[in-house]
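Trainee: Here it is, the structure, as structure tokens.
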Amino acid sequence: MAVTLVTGATGFIGSHIVERLIERGHEVRALARKSSDISHLKTTNARIFFGDVEDYDSLLPAVKGVDIVYHAAARVMPGWGAWKWFEASIIKGTDNMLKASAEAGVPRFLHLSTGTVHGRLCEGDMPLSESMPCGVVFSPDSYYDYAKVEADKIAFDYHKKGKIQVSMIRIGVTYGPRDRLLADRVYRQMLSPIVVWPGQSDPKYSIVYVTDAADLAILAATSDRAQGEVYNVADSQPVRLHEFAAAILRAMGETKPQLTIPYPVAYVSCALMETWSRLRRAKEMPYLTRSGLHFVNKGIYLDGTKARVELGWQPKVSLEEGTRRYVQWRRKQSKK
């Protein structure tokens, strides 16, 4: 089996890629910063290498003798943080990983990207294919998305120059154990006595359970057909936000009264959360930002046909099963 290296191995998707690779019998190396929480990684059979994608020299021992790199490391804080953080983590970090991998003679490189590189094009009622342009406008709300656009360009530039074979997946929304974004926010909202919805919108999401996303990452990294290609991580049918929240509630075995507040009121509330966090000089993203509020009201709708046709990928975990697993995991965490 292949010798693999997973960056971002202490993160959400990276940690699941580690688990799926181990299940398939691969030798897995996990890249982690010395400051990261490696408690979960220690429960796997992955060999931990300490390094930072922002520090090129620290990557060299990890990539030596590797067959495939799964690059999932990134600062994932949409709408929050300084540009220099995203530039260093995503743009410089991706370039460092590609350079180190190419110089070590690594044959294959899987780059994890996001559907939000398309900007507001992915917010409509029709699914967006991989061939559509990336239309992100540089602003504090889109630092993460813009950095991903630039990282994508770097990755495919390495491929076009023949330095390393690159494949890419673009994620809409993933959820499951260790998720710190949409599912976390929805779950915490469902714990409230009254469920509050910001605005009337009920957008479409290309939402996939995390193990299915990890499976597509492995297919794209190992298939000859996928070399130089990008694939959307999206089920054949989108999920409405309220539908996802209702599934979480069913998994919790509860019903809750629900209230809708005007979008401007929610927007001001988010602005106040951001202001308070800045006054405290917090590095962690607030519970909800104005960028996050926009995402909640506009969604992300991608076309996953290409992955199904070319790679034979098909999500296996239903919404009901996925939310059941997620709620079960959250409850276990609360007992620790």
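Trainee: Hey, can you tell me all the residues within the range 245-264 that are out of contact with any Phe, Trp or Tyr (no Cβ under 7 Å at 6 or more places or on another chain), of a type outside the set (A, V, I, L, M) and on the phi < 0 side of the Ramachandran plot?
Mentor: Across the range 245-264, the qualifying residues are Arg250, Glu254, Thr255, Lys256, Pro257, Pro262, Tyr263, Pro264.
Trainee: Which of (1) among the small types (Gly, Ala, Ser); (2) closer than 19 Å to Gly51 by Cα; (3) out of contact with any Lys or Arg (no Cβ under 9 Å at 6 or more places or on another chain) is the odd one out, the single condition Ala82 does not satisfy?
Mentor: Evaluating Ala82 over (1) among the small types (Gly, Ala, Ser); (2) closer than 19 Å to Gly51 by Cα; (3) out of contact with any Lys or Arg (no Cβ under 9 Å at 6 or more places or on another chain) leaves (2) as the failure.
Trainee: Another one. Considering every residue within the range 211-222, establish whether at least one is acidic (Asp, Glu), on the phi < 0 side of the Ramachandran plot and assigned to a loop (DSSP other than H, G, I, E, B).
Mentor: No, that holds for no residue.
Trainee: Are there any pairs with C-beta distances below 9 angstrom linking a residue in the range 290-306 that is farther than 13 Å from Met126 by Cα to a residue that is of a type in the set (Phe, Trp, Tyr) and crowded, with 22+ Cβ neighbours inside 10 Å, with the two at least 6 apart or on different chains, and if so which?
Mentor: Ser291/Trp80; Ser291/Tyr144; Gly292/Trp80; Lys306/Tyr231
Trainee: Can we say Asp157 is surrounded by fewer than 23 Cβ atoms within 10 Å (Cβ to Cβ), within 25 Å of Leu319 (Cα to Cα) and acidic (Asp, Glu)?
Mentor: No: the conditions fail for Asp157.
Trainee: In the set Asp202, Asp179, Asp145, which member is under 30 Å from Pro264 (Cα atoms), acidic (Asp, Glu), surrounded by fewer than 18 Cβ atoms within 10 Å (Cβ to Cβ) and modelled with pLDDT under 95?
Mentor: Sole residue among the options that is under 30 Å from Pro264 (Cα atoms), acidic (Asp, Glu), surrounded by fewer than 18 Cβ atoms within 10 Å (Cβ to Cβ) and modelled with pLDDT under 95: Asp202.
Trainee: Still on this structure: Take the range 35-93 and flag every residue that is small (Gly, Ala, Ser), assigned to a loop (DSSP other than H, G, I, E, B) and touching a helix residue (DSSP H, G or I) at 6+ places or on another chain (Cβ under 9 Å).
Mentor: Ala46, Gly51, Ala72, Ala73, Ala74, Gly79, Gly81, Ala82
Trainee: Being closer than 23 Å to Ala213 by Cα and either aromatic (Phe, Trp, Tyr) or outside any helix (DSSP H, G or I) (or both): is that true of Trp313 here?
Mentor: Considered against the rule, which asks whether it is closer than 23 Å to Ala213 by Cα and either aromatic (Phe, Trp, Tyr) or outside any helix (DSSP H, G or I) (or both), Trp313 comes out as yes.
The values are calculated or read from the model by the stated rules, or taken from the named source; none is laboratory data. Please read these numbers as outputs of a predicted model, since none were measured by experiment. Reconstructed Cβ throughout: ideal geometry from the backbone, glycine too, with neighbour counts over all protein chains shown.
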